[in-house]
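The values are calculated or read from the model by the stated rules, or taken from the named source; none is laboratory data. If you're wondering where the values come from, they're calculated on a predicted model, not measured in any experiment. Note: ideal-geometry Cβ built from the backbone for every residue, glycine included; neighbour counts use all protein chains shown. Quick note on the areas: whole protein, heavy atoms, side chains included, nothing else; ligands and nucleic acids left out. Shrake-Rupley method; radii C 1.70, N 1.55, O 1.52, S 1.80 Å.
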Amino acid sequence: MLSPTNLLRLPYTADLTEGGIEYALRSLAYSFDRAGTSPYDRLRRTVANVAVEIAFRRYLSKQNIPFEVKAAAPFTDRERYDDLLGGQRCDLKSYLISHRGQIAEMRHDPSVLLNAPALVPSDQHSGDGHLRNDIYIFGFLAGLIA
């Protein structure tokens with residue numbers, strides 16, 4: 001069972017946004033068009049996802065935690081790349097939290113994140129390359145949209 005001590009708060013710097021924007025621009029022609037989402041929402045999510053991935057890898061490096069990045073897949077593939085921790089696939093799921101009330105609540109009491117829905121699509125979890133002992137890490141990025 002997870003507890004508040006399992007939560008990490010990673011520093012956020014402007015270069016994380018810049019890295020996310022760079023990736024989003026390069027992948028723009030290949031981005032997956034979900035019904036009901038605007039191109040702006042897709043770009044925001046891409047920027048947030050990449051920023052969280054970079055921040056996570058930075059954390060692992062600073063903590064001297066060995067990890068491996070499997071060969072990057074082309075933008076046209078659904079999964080860009082995977083991290084391996086101790087030889088196990090590590091799948092990072094990130095969520096952009098942009099509502100002021102939710103952000104304020106997270107800052108006041110980070111343990112509210114333990115009640116957030118942590119969803120992994122069943123077809124993805126049971127798909128090729130996924131194993132029972134895969135590690136799923138859930139990242140939440142707080143950011144107001146201006």
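As a summary of the residue check, SER38 satisfies the conditions (1) over 18 Å from SER98 (Cα atoms); (2) over 16 Å from the mean Cα position of the chain (by Cα) except for the one numbered (1). When PHE138 is tested against (1) open to solvent by 60 Å² or more (accessible area, probe 1.4 Å); (2) touching a Ser or Thr at 6+ places or on another chain (Cβ under 9 Å); (3) at pLDDT below 80; (4) not small (Gly, Ala, Ser), exactly one condition is not met: (3).
Quick one: would you say PRO39 is free of Cβ contacts under 8 Å to residues at least 60 places away in the same chain and either out of contact with any Cys (no Cβ under 8 Å at 6 or more places or on another chain) or more than 21 Å from ALA146 (Cβ to Cβ) (or both)? Answer is yes for this residue. Restricting the first member to the stretch 24-36 and to residues that are of a type outside the set (S, T, N, Q), and the second to residues that are modelled with pLDDT under 80 and in a loop (DSSP other than H, G, I, E, B), the beta-carbon pairs closer than 6 Å and six or more apart or on different chains are TYR30/PHE75; TYR30/THR76.
For first residues located in the stretch 56-67 and free of Cβ contacts under 8 Å to residues at least 40 places away in the same chain, partners that are part of a helix (DSSP H, G or I) and open to solvent by less than 60 Å² (accessible area, probe 1.4 Å) and lie 6+ apart or on another chain with Cβ distances below 6 Å form the pairs PHE67/LEU60.
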